[in-house]
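Structure first, commentary second.
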Amino acid sequence: MPKAIRIHKNGGPEVLSLDEVVVGDPGPGEARVRHHAVGLNFIDIYFRTGLYPSASFPAGLGSEGAGIVEAVGAGVTHVKAG
């Protein structure tokens, strides 16, 4: 099962947790990407500490990434699987 580093509340590094996550099929306008590299930046620290409020919890870290598109949802025309 895939895993992701997530936060369930604001705080220091101790609030980071490695969680198993369910990755479903992409919905309309979405693409599913298997990441090969993910960038962690100061903005991730700001979200973790609460300096920038998170829209909801749990929240993931790493807003920038690179990988391979595995699947696309309905209406997606700017990327394709593979």
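The values are calculated or read from the model by the stated rules, or taken from the named source; none is laboratory data. These numbers were taken from a predicted model, which means no experiment stands behind them. Cβ atoms come from the backbone with ideal geometry, glycine included; neighbour counts cover every protein chain shown. Just so you know, the surface numbers come from the protein's heavy atoms only, side chains and all, with ligands and any DNA or RNA stripped out. Shrake-Rupley method; radii C 1.70, N 1.55, O 1.52, S 1.80 Å.
Numbers below:
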quantity	calculated
Given (1) under 22 Å from Gly82 (Cα atoms); (2) in a strand (DSSP E or B); (3) open to solvent by less than 40 Å² (accessible area, probe 1.4 Å), number of the condition Pro26 does not satisfy	(2)
Residue check for Tyr52: in a loop (DSSP other than H, G, I, E, B) and free of Cβ contacts under 8 Å to residues at least 60 places away in the same chain	yes
So His35, is it touching a residue at least 24 places away in the same chain (Cβ under 8 Å), touching a Ser or Thr at 6+ places or on another chain (Cβ under 7 Å) and of a type outside the set (Phe, Trp, Tyr)	no
Criterion (open to solvent by less than 60 Å² (accessible area, probe 1.4 Å), more than 13 Å from the chain's Cα centre (by Cα) and in contact (Cβ under 8 Å) with a residue 40 or more places away in the chain) met by exactly one of Gly62, Gly73, Gly12	Gly73
